[in-house]
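The numbers here are math on the coordinates, done by the rules we state, and not lab data. The structure displayed is predicted, hence computed values, not measured ones. A quick note on method: Cβ atoms are made from the backbone with ideal geometry, for glycine too, and the neighbour counts reach across all protein chains shown.
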Protein chains: 2
Amino acid sequence: MSILVLGTVALDTVKTPFGKRIEMLGGSATHFAMAATLFTKVDLVAVVGDDFPKIYFDFLRKKGVNITSLHQQGGRTFRWRGEYKGDLNTALTLETELGVLSFFRPKISECQKNSRYIFLANVDPDIQHYLLQIIHCPYFVGLDSMNYWIHHKRKSLLKLLKKVNIFVANEAEARTISGEYNLLKAAKALSSFGSKMVMIKKGEHGVLFYCDRFIFSLPAYPVAKIVDPTGAGDTFAGGFMGYLAKTNKITELNIRRAIAYACVIASFNVEGFGLEKTSKLTLANVNNRFREYKKIINF
Amino acid sequence: MSILVLGTVALDTVKTPFGKRIEMLGGSATHFAMAATLFTKVDLVAVVGDDFPKIYFDFLRKKGVNITSLHQQGGRTFRWRGEYKGDLNTALTLETELGVLSFFRPKISECQKNSRYIFLANVDPDIQHYLLQIIHCPYFVGLDSMNYWIHHKRKSLLKLLKKVNIFVANEAEARTISGEYNLLKAAKALSSFGSKMVMIKKGEHGVLFYCDRFIFSLPAYPVAKIVDPTGAGDTFAGGFMGYLAKTNKITELNIRRAIAYACVIASFNVEGFGLEKTSKLTLANVNNRFREYKKIINF
C-alpha cells in the first residue's frame with residue numbers, strides 16, 4: 001500500500017560540530033518520504049514558496065516521491081536555521097521563517113483521498129485534522145506533533161489523538177502532553193487519550209513502544225559519528241510507516257520489525273547532513289544493518 | 001566460582017519524590033553483593049566504623065555474604081546523604097562523610113587471595129590496586145570508578161585499567177576519562193587504555209558493551225515506578241559478575257546473558273529504597289523478568 005504524508009518541505013540551514021549546510025532540502029514530510037520510499041510509494045502533501053529550487057522538485061521526483069500535492073505558491077518557502085552542539089542531542093533553533101506555511105491549506109487529488117496509510121507529520125493540528133477528514137476511509141493513521149502545538153493547541157491535538165492509530169512523540173513531548181515524568185507511565189497515559197499505540201522516540205537512547213497488548217523497546221543502533229540529527233525523528237516515522245504499509249498487515253511482529261527498521265534507517269540519517277545519507281540508501285544497505293542490529297541486541 | 005568484591009559499606013540517607021530513608025544499609029560493595037549472591041558466593045571486602053549497627057552484620061550474613069573481610073574499626077562508618085528530584089536520573093549529593101574509609105587498607109584471608117573473579121567497586125584507585133596485587137592469580141577482574149578519581153587520580157586509574165578485564169562506567173565517567181562525547185567512540189577509546197572490555201551504563205537508557213570482537217546494547221527494562229536509583233550501577237555490576245562467575249566461562253553468549261541479567265536485577269533495585277527490593281529477590285523472580293525482557297526487545 002502507498003502512504004500519504006502531510007508535513008513540511010523546508011530549506012534547512014544547519015550547523016553542527018562537523019560543518020555547516022545552507023538551505024538544504026529538509027522538512028518533516030521530506031525526511032519521512034525519503035525513508036518510506038525504501039518500502040513503498042509515497043504521496044507527499046506540503047507547500048513551498050515560489051523561491052523553492054527546481055532541482056529539489058527534480059530530486060524528489062527522481063527519488064520516486066509523488067509530488068503532485070506538493071503545492072507551490074507565492075511567497076517564501078518555510079525555512080529553519082539551527083545549531084547542534086556537544087552531544088548533538090538538542091537542536092538550538094536560531095530562526096524559523098514560516099513563509100507560505102502560515103497560510104497552508106492542503107489539497108489532494110480524488111485518488112489520494114482513497115489513501116489507507118496516512119502520516120500526519122508535524123504541522124498545526126488543525127491542518128492535520130482538516131486533511132484527515134477529507135480522507136475517505138483511513139486504515140492506519142500516524143500522528144506526530146511538537147511542544148509548540150502541545151502548549152498552544154492542546155485541545156485540537158487531544159481531539160486529533162482520538163482519531164489516529166499511533167502517536168509518535170519524543171521524550172519531552174510525551175512528558176509535556178501526559179504530565180508524567182516516567183516514560184512508561186507517560187506512554188500509558190497517552191494511549192488512554194485515544195491513540196491506542198504510542199511510540200516514544202528517545203534519540204540516541206532508542207525507542208519505547210506501548211500498546212495495551214505489548215511493550216517493545218530498543219536501544220538506538222550505535223553510531224560512532226553523529227553528523228547531523230536533523231530529521232531523524234521523521235526518518236524514523238517514515239521507516240516505521242513504510243514497512244507497515246508494505247506488509248499491509250498490522251500484526252505484533254510487523255510492528256516490532258517496522259520499529260527495528262525505523263531505528264536502522266534513522267541511524268543512517270544522523271550519519272550525514274540532511275538527506276545526504278538517506279537519499280543514497282538502498283534496501284540492501286538497510287537490510288545489512290538490520291541483521292547487524294539484531295545481532296547487537298541478541299542474548 | 002565465588003567473587004571477591006572490594007568497595008564500600010555505607011549508611012545512606014536518601015530522599016526521593018517517593019519518600020525518605022535514614023541511614024539505610026548501602027554502599028557499592030553491599031549493592032554488588034546483594035545482586036551477585038543470587039548466582040554465587042560473595043566475599044565482601046570493606047570497612048565500617050564501630051557505630052555500624054549489628055543488625056546490618058546479621059543481615060549480610062543471613063543473605064549468605066561472607067563478611068569475614070568486612071573489618072570494623074574505631075571511627076564512624078562511611079555515610080552518604082543524597083536527594084533525587086524530577087526524573088530521578090541524577091543524584092544530588094548533600095553530604096559525604098568518609099569516616100573510617102579515609103584510612104582504609106583492605107585485608108583479606110589467604111584463602112581469599114586465591115579468588116579468581118574480582119570486582120573492584122568504586123574506592124580510591126590506589127586501594128583497588130593494592131588489593132589486586134595481593135590476589136595470586138586473578139582470572140576475571142572488573143573495575144568501577146567515579147568522576148572524582150578520574151579527576152584526582154587519573155594516573156593511578158589509567159595504570160589500573162591495564163590490569164583489569166572490564167571497565168564499568170556510567171555515561172559521564174566514560175566521556176570524562178576518554179575525552180569523547182560519542183559513547184561508541186568513548187568505549188573504543190577506553191578499551192584502548194587497557195581493559196579490553198568496556199561497559200557503559202546509561203541508567204534508564206540501558207547499556208552499551210564494547211570489546212573488539214562484538215558490540216552489545218540493550219534498553220533498560222522498562223520500570224513504571226522508579227523509587228530510588230541508589231546503588232543501581234553496583235547492583236548491575238553484581239548481576240553481571242555473579243552470572244559470569246557462576247558459569248565460569250567467559251564466552252560471548254555468557255557475556256550477553258550476564259548483561260541482560262544485570263539489567264533485570266538493576267531494574268528491581270530502582271523499584272525500592274536501598275536494598276528493599278533486591279534483598280528479597282529470588283532467582284525465580286529474576287528469571288521471570290529475564291524472559292519478559294527477552295520478549296520486550298524481540299523483533
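Scan segment A:227-235 and tell me whether some residue there is closer than 24 Å to residue A:7 by Cβ and either within 13 Å of another protein chain (Cβ to nearest Cβ) or in contact with a Pro (Cβ under 8 Å, 6 or more places away or on another chain) (or both).
Looking for residues that are closer than 24 Å to residue A:7 by Cβ and either within 13 Å of another protein chain (Cβ to nearest Cβ) or in contact with a Pro (Cβ under 8 Å, 6 or more places away or on another chain) (or both), one finds at least one in segment A:227-235, hence yes.
Of the conditions (1) surrounded by 20 or more Cβ atoms within 10 Å (Cβ to Cβ); (2) in a loop (DSSP other than H, G, I, E, B); (3) over 16 Å from the mean Cα position of the chain (by Cα), residue A:164 satisfies every one except a single condition; which number is it?
Against the list (1) surrounded by 20 or more Cβ atoms within 10 Å (Cβ to Cβ); (2) in a loop (DSSP other than H, G, I, E, B); (3) over 16 Å from the mean Cα position of the chain (by Cα), residue A:164 comes up short only on (3).
Mind listing whichever residues of segment B:243-254 are touching a residue at least 12 places away in the same chain (Cβ under 8 Å) and either surrounded by fewer than 23 Cβ atoms within 10 Å (Cβ to Cβ) or under 14 Å from residue B:219 (Cα atoms) (or both)?
Those that are touching a residue at least 12 places away in the same chain (Cβ under 8 Å) and either surrounded by fewer than 23 Cβ atoms within 10 Å (Cβ to Cβ) or under 14 Å from residue B:219 (Cα atoms) (or both): B:246, B:248, B:250, B:252.
To keep it simple, each residue is scored yes or no on (1) over 30 Å from residue A:223 (Cβ atoms); (2) surrounded by fewer than 18 Cβ atoms within 10 Å (Cβ to Cβ); (3) touching a residue at least 24 places away in the same chain (Cβ under 8 Å); (4) in contact with a strand residue (DSSP E or B) (Cβ under 8 Å, 6 or more places away or on another chain).
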| site | (1), (2), (3), (4) |
| --- | --- |
| A:37 | no, no, yes, yes |
| A:40 | no, no, yes, yes |
| A:57 | yes, yes, no, yes |
| A:76 | yes, yes, yes, yes |
| A:88 | no, no, yes, yes |
| A:97 | yes, yes, no, yes |
| A:104 | yes, no, yes, yes |
| A:123 | no, no, yes, yes |
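Just wondering, is there one or more residues in segment B:127-150 that are acidic (Asp, Glu), part of a strand (DSSP E or B), in contact (Cβ under 8 Å) with a residue 40 or more places away in the chain and closer than 23 Å to residue B:244 by Cα?
yes
Out of segment B:265-294, which residues are of a type in the set (Lys, Arg), under 16 Å from residue B:223 (Cβ atoms) and within 14 Å of chain A (Cβ to nearest Cβ)?
Within segment B:265-294, just B:289 meets the criteria.
Yes or no: residue A:163 more than 30 Å from residue A:293 (Cα to Cα) and away from every other protein chain (no Cβ under 14 Å)? Outline the logic, then answer.
On the way: more than 30 Å from residue A:293 (Cα to Cα): yes; away from every other protein chain (no Cβ under 14 Å): yes.
It is true that residue A:163 is more than 30 Å from residue A:293 (Cα to Cα) and away from every other protein chain (no Cβ under 14 Å).
In segment B:186-195, how many residues are assigned to a loop (DSSP other than H, G, I, E, B) and over 18 Å from the mean Cα position of the chain (by Cα)? I'd like the intermediate steps shown before the answer.
Here is the first cut: in segment B:186-195, the residues assigned to a loop (DSSP other than H, G, I, E, B) are B:193-195.
Subset that is over 18 Å from the mean Cα position of the chain (by Cα): B:193-194.
Total meeting the criteria: 2.
Within segment A:50-105, how many residues are more than 14 Å from every other protein chain (Cβ to nearest Cβ) and not in a loop (DSSP other than H, G, I, E, B)?
32
Name the residues in segment B:224-241 that are of a type in the set (A, V, I, L, M) and in contact (Cβ under 8 Å) with a residue 24 or more places away in the chain, would you?
Matches in segment B:224-241: B:226, B:227, B:232, B:237, B:241.
So residue A:22 clears everything in (1) free of Cβ contacts under 8 Å to residues at least 12 places away in the same chain; (2) part of a helix (DSSP H, G or I) except one condition, right? Which one?
(2)
Among all residue pairs at least 6 apart or on different chains, which show Cβ distances below 9 Å where the first residue, located in segment A:179-198, is without any contact (Cβ under 8 Å) to a residue 12 or more places away in the chain and the second is basic (Lys, Arg) and part of a loop (DSSP other than H, G, I, E, B)?
Here the result reads A:182/B:225; A:185/B:225, each pair linking segment A:179-198 to a residue that is basic (Lys, Arg) and part of a loop (DSSP other than H, G, I, E, B).
Among the residues of segment B:263-288, how many are closer than 15 Å to residue A:299 by Cα and crowded, with 18+ Cβ neighbours inside 10 Å?
So the answer is 2.
State all residues of segment A:198-226 that are of a type in the set (A, V, I, L, M) and either within 9 Å of another protein chain (Cβ to nearest Cβ) or touching an Asp or Glu at 6+ places or on another chain (Cβ under 9 Å) (or both); if no residue qualifies, say none. Spell out how you get there, then give the answer.
To start, the set of residues in segment A:198-226 that are of a type in the set (A, V, I, L, M) comprises A:198-200, A:207-208, A:215, A:218, A:220, A:223-224, A:226.
Listed by number, the residues that qualify are A:200, A:207, A:208, A:215, A:218, A:220, A:223, A:224, A:226.
Collect the residues in segment B:169-185 that are among the hydrophobic types (A, V, I, L, M, F, W, C), more than 7 Å from chain A (Cβ to nearest Cβ) and more than 15 Å from the chain's Cα centre (by Cα), keeping them in residue-number order. Steps first, answer last, please.
Step one: of segment B:169-185, the residues among the hydrophobic types (A, V, I, L, M, F, W, C) are B:169, B:172, B:174, B:177, B:183-184.
Checking which are more than 7 Å from chain A (Cβ to nearest Cβ) leaves us with B:169, B:172, B:174, B:177, B:183.
Scanning segment B:169-185 gives B:172, B:174, B:177, B:183.
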